[in-house]
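Taken together, the values in this text are just the output of simple stated rules run on the coordinates, not laboratory data. This one's a predicted model, so the numbers in the text were calculated from it and none came from an experiment. Cβ: placed from backbone, ideal geometry, glycine included. Neighbour counts: every protein chain shown.
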Amino acid sequence: MIEHVVIIKFDKMTTREHKDNVIQQLRSLENSIPGIVDLRCNHNFSERNQGFDIGLTVRFESMEALMAYGPHSEHQKAISYMKEIGMTDTIIVDFEI
């Protein structure tokens with residue numbers, strides 16, 4: 001299995017409502033992209049957040065499932081929306097579990 005971890009930072013002008021929409025879009029990927037075993041996403045409340053707003057973890061059944069996730073149309077739609085509302089940075093970590 002593969003663990004995919006993403007933390008996302010938005011511009012200061014991005015509203016809470018926009019971020020809530022991002023979370024809902026990302027959560028919906030679990031039901032629309034094959035190979036996802038588990039998906040968790042929510043607001044980052046850590047006092048050590050360094051400005052990163054949202055955390056996402058996705059567990060995939062295989063490396064092939066992770067590779068198919070990136071270009072999937074539903075994933076690309078979520079990324080387009082995040083860019084549109086002011087995504088400024090991401091940190092992504094993938095590792096085998």
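Structure summary
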| quantity | calculated |
| --- | --- |
| For the chain, alpha-carbon Rg relative to the globular expectation (2.2 N^0.38 Å, N residues) | 1.04 |
| Cβ-derived FRET efficiency at R0 35 Å, E17 paired with V93, nearest 0.05 | 0.80 |
| Taking the chain and dividing mean pair separation by its residue count, relative contact order in percent (alpha carbons under 8 Å, at least six apart) | 50 percent |
| DSSP-loop chymotrypsin sites (Phe, Trp or Tyr not before Pro) across the stretch 42-84, with at most 16 other Cβ within 10 angstrom | F45 |
| Gain upon complete extension [Q50, V5; 0.36 nm per residue less C-alpha separation] | 14.6 nm |
| GluC sites (Glu not before Pro) within the stretch 46-97: DSSP coil, no more than 15 neighbouring Cβ in 10 Å | E47, E61 |
